[in-house]
1. Through the Karplus equation 6.51 cos²θ - 1.76 cosθ + 1.60, θ set to phi - 60°, convert the phi angles of the stretch 42-56 into ³J(HN,Hα) values in whole Hz; use x for Gly and Pro.
2. Classify the stretch 18-64 from the C-alpha gyration tensor, please: rounded if a/c falls under 1.5, else prolate or oblate depending on whether a/b exceeds b/c.
3. What order do you get for 55, 62 when you list them from fewest to most C-beta neighbours inside 10 Å?
4. Taking amide H positions as placed in the peptide plane 1.01 Å from N, state which residues far from residue 24 in sequence (5 or more) or on other chains have amide H under 5 Å from it.
5. Tally Lys/Arg at +1 and Asp/Glu at -1 over every other residue whose Cβ is under 15 Å from the Cβ of residue 32; what's the total?
Amino acid sequence: MGIISRIRKLFSALFGRKEYPLYETCAFCGERAYLPFHCEFCNQYYCDMHRLPFDHNCKNIDEWKRRPASPPPKS
Ligand SMILES: [Zn+2]
Ligand SMILES: [Zn+2]
């Protein structure tokens, strides 16, 4: 468990699309979503509306808050 496994997981999510579902039911609202978003924090699939951890009351939202999702606006 560490940064390496996180990076490998990220890369497999980016490039190893073999198992990525084309359609998946949103775990929050139950809508069938085309190219669903995978939440790596709770390991569930979500539609466009609920892809972000705070949109689907992610159980691991604290972990998500700790990591910057995008580069800081000031630079
Ligand atoms: Zn949804
Ligand atoms: Zn989540």
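Bear in mind that the values in this text are calculations on the coordinates, not laboratory data. These numbers were taken from a predicted model, which means no experiment stands behind them. A quick note on method: Cβ atoms are made from the backbone with ideal geometry, for glycine too, and the neighbour counts reach across all protein chains shown.
1. Working through the residues one at a time gives 10, 6, 10, 9, 9, 7, 4, 6, 10, 6, 7, x, 7, 7, 10 Hz.
2. On the way: a/c = 2.54, a/b = 1.50, b/c = 1.70.
Because a/c hits 1.5 or more and a/b fails to exceed b/c, the stretch 18-64 counts as oblate.
3. Placing the least packed residue first, the sequence is 62, 55.
4. Long-range HN contacts for residue 24: 33, 35.
5. -2
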